[in-house]
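The values are calculated or read from the model by the stated rules, or taken from the named source; none is laboratory data. Small disclaimer: the values here were computed from a predicted structure and weren't measured. All Cβ positions, even for glycine, are placed from backbone atoms using ideal geometry, and neighbour counts span all protein chains on display.
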Amino acid sequence: MNRPRFAAVILAAGEGTRFNSAIPKVLHEIAGQPMIRHMLEALRPLAPAATVVVLGQGMEAAARAVAPAPTVIQSPPRGTGDAVRASRPLLAECLARGDIDDVLVLYGDTPLLRSESIAELIDARRRSPAVAVAVAGFRPADPAPYGRLVEGRNGGLSRIVEARDADPEERAIGLCNGGMMAIAARHAFALLDRIGNDNQQREFYLTDIVAIARSDALACRVAELPAEELLGVNTRAELAAAEAVMQQRLRRRAMERGATLVAPETVFLCADTELGRDVVVEPNVVFGPGVKVADNVRIRSFSHLEGAEIAAGAIVGPFARLRPGAVLEADVHVGNFVEIKATRLGAGVKASHLSYLGDSDIGAGTNIGAGTITCNYDGFNKFRTIIGEHAFIGSNTALVAPVSVGDGAYVATGSVVTADVPADALTIARARQIDKPGRARELRARLQGKNG
Ligand code: UD1
Ligand code: MG
């Protein structure tokens, strides 16, 4: 079936004054991803014919974050209505071709929206009798900052009034503007062009489009959506609240897919965290971006993982730190206070305690003793350490890179390895022990004599 298509316009040019930040509001992260990427992800399954992001002057970092979506600059930001107008040149082609039915406007600061709800709004606009504008409505616990939806006698939407411009009666309305709107494409820009700025803020409010449509006898309606999804993120407190909702969703999804989270409320996931079946995540674990965990892995308490790939059967932590480029093959054990960066641990490798393994490649079956450090940095450059299979690295070994240890080699405890170790060699690279019989007693007697 060929569903009519829509174009999406995401507004993100506002100054985000209430955020008090040097970076654009929409780049602040939720579950490890800029807020605005969540919107793009929610749109993706709906396959918009075009997606345009409206940004402000100097927001190059935001443009990079939304790539490959095209961007347009609204400068200065003169309100949400003016922002949608700025997208017109980029939509001209698909409007002219007549291959879109709706212009869908989304606000870049409502990152909790789900695809299903976006689809519901578009359906509400098209549902017979089709209306000119459908607005996402919601009933937040605290409606104070939001625009209020004023409904007409026949259940349609008459207008939207901003909190600032509302009279006490309008302020008592609990149904609020969620910041998403579907506009019939054939009316969209004609209506937008008529928005003025006669209000408290002297801004061109998109929300005025409803009253303008009504004055042309075009109908508008509300699609009421779950309040949780339309939470606007205008302050850092709201950012934290949105993070909490997103974490709950991600935890639920991980559990549905077959992972056990022993204390879900203490596990922090990223939007892209992948956990396999029968993974167990113990309390207090943090996943940064780019972590993939295969089946039957156990992540023990207080571990921090980012950019890591973990194969089946591995055990990580407690208190492990996996940094980008950590690759743990099947059945690897990484224990407490072990940090791993840009390092592959072959199948069955054990690094159970107190180690730093960076820029390394460690062959299958090798044992890394407690306190092993790869010295990968000389203050200027990074160097690699290569360790073969079934080697044994004794405790407290410093491997001064670039260096390699051959298959089956045995490095004695406390070694400082500065040259390559051949396969199957026993290497002892430490000062010899000297014992001086009886000297301790003599020393004690002398020192006690002096003090006494
Ligand atoms: C807006 C709505 C309000 C609604 C609320 C929902 C208007 C006038 N008000 O208020 O009815 O209840 O969202 O969250 O639309 N932006 C631009 N250019 C501008 C101004 C804003 O691109 O000139 C962008 C912002 O970056 C933001 C979005 O539009 O992503 C909404 O702007 P914001 O200032 O957050 O509006 P609210 O006061 O939250
Ligand atoms: Mg807002």
How many of the residues in segment 125-159 are within 16 Å of VAL233 (Cβ to Cβ), among the aliphatic types (A, V, I, L, M) and surrounded by 15 or more Cβ atoms within 10 Å (Cβ to Cβ)? 1
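Can you name the residue in segment 177-192 that is of a type in the set (A, V, I, L, M) and more than 13 Å from ligand 1 (Cβ to nearest atom) and, of all such residues, is surrounded by the fewest Cβ atoms within 10 Å (Cβ to Cβ)?
Going residue by residue through segment 177-192, those that are of a type in the set (A, V, I, L, M) are 180-185, 188, 190-192.
Remaining after also requiring more than 13 Å from ligand 1 (Cβ to nearest atom): 182-185, 188, 190-191.
Details: ALA182: 29, ILE183: 28, ALA184: 19, ALA185: 22, ALA188: 27, ALA190: 11, LEU191: 21.
Only one residue fits best here, namely ALA190.
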Note on segment 200-231: residues under 22 Å from ASP142 (Cβ atoms) and part of a loop (DSSP other than H, G, I, E, B) are GLN200, GLN201, TYR205, LEU225, PRO226, LEU231
Regarding segment 105-115, can at least one residue be identified that is away from ligand 2 (no atom under 16 Å from the Cβ), in contact (Cβ under 8 Å) with a residue 40 or more places away in the chain and part of a helix (DSSP H, G or I)? yes
Identify, from the list ARG202, ARG194, ARG251, ARG186, the residue that is more than 16 Å from ligand 2 (Cβ to nearest atom) and within 19 Å of PRO111 (Cβ to Cβ). ARG251
Has segment 114-128 got any residue that is modelled with pLDDT under 95, more than 23 Å from the chain's Cα centre (by Cα) and away from ligand 1 (no atom under 14 Å from the Cβ)? yes
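Conditions (1) outside any strand (DSSP E or B); (2) modelled with pLDDT of 95 or more; (3) touching a strand residue (DSSP E or B) at 6+ places or on another chain (Cβ under 8 Å), marked per residue:
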{"position": "ARG252", "(1), (2), (3)": "yes, yes, no"}
{"position": "MET255", "(1), (2), (3)": "yes, yes, yes"}
{"position": "CYS270", "(1), (2), (3)": "yes, yes, yes"}
{"position": "ARG277", "(1), (2), (3)": "yes, yes, no"}
{"position": "PRO283", "(1), (2), (3)": "yes, yes, yes"}
{"position": "VAL286", "(1), (2), (3)": "no, yes, yes"}
{"position": "ALA312", "(1), (2), (3)": "yes, yes, no"}
{"position": "PRO318", "(1), (2), (3)": "yes, yes, yes"}
{"position": "VAL334", "(1), (2), (3)": "no, yes, yes"}
Tally the residues that are more than 12 Å from ligand 1 (Cβ to nearest atom), more than 14 Å from the chain's Cα centre (by Cα) and surrounded by fewer than 20 Cβ atoms within 10 Å (Cβ to Cβ), restricting the search to segment 212-247. 12
Take the residues in segment 1-52 that are within 9 Å of ligand 1 (Cβ to nearest atom) and of a type in the set (Val, Ile, Thr), then tell me which one is nearest to GLN74 (Cα to Cα). ILE10
Yes/no for GLY81 being over 30 Å from VAL267 (Cβ atoms) and surrounded by 22 or more Cβ atoms within 10 Å (Cβ to Cβ): yes
Going through segment 222-267 one residue at a time, which ones are closer than 21 Å to ARG18 by Cα and without any contact (Cβ under 8 Å) to a residue 24 or more places away in the chain? ALA237, GLU238, ALA240, ALA241, ALA244
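Restrict the check to segment 232-244 and report whether at least one residue is in contact with a strand residue (DSSP E or B) (Cβ under 9 Å, 6 or more places away or on another chain), outside any strand (DSSP E or B) and modelled with pLDDT under 95.
As a first pass, look at segment 232-244 and keep what is in contact with a strand residue (DSSP E or B) (Cβ under 9 Å, 6 or more places away or on another chain): 232-233, 239, 242-243.
Pick out the ones that are also outside any strand (DSSP E or B) and you get 232-233, 239, 242-243.
Cutting the leftovers down to modelled with pLDDT under 95 gives us 232.
Yes, the conditions are met somewhere in segment 232-244.
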Could you count how many residues in segment 1-48 are outside any loop (DSSP other than H, G, I, E, B), among the aliphatic types (A, V, I, L, M) and either within 14 Å of ligand 2 (Cβ to nearest atom) or modelled with pLDDT under 95 (or both)? 7
Out of curiosity, is ALA69 more than 14 Å from ligand 1 (Cβ to nearest atom), more than 20 Å from VAL133 (Cα to Cα), out of contact with any helix residue (DSSP H, G or I) (no Cβ under 9 Å at 6 or more places or on another chain) and in a loop (DSSP other than H, G, I, E, B)? no
From the option list GLY155, GLY174, single residue qualifying as touching a residue at least 12 places away in the same chain (Cβ under 8 Å), more than 10 Å from ligand 1 (Cβ to nearest atom) and at positive phi is GLY155
In segment 161-168, is there at least one residue being on the phi < 0 side of the Ramachandran plot, surrounded by 12 or more Cβ atoms within 10 Å (Cβ to Cβ) and more than 12 Å from ligand 1 (Cβ to nearest atom)? no
Out of all the residues in segment 20-42, which are touching a Leu at 6+ places or on another chain (Cβ under 8 Å) and among the hydrophobic types (A, V, I, L, M, F, W, C)? ILE30, ALA31, MET35, ILE36, MET39, ALA42
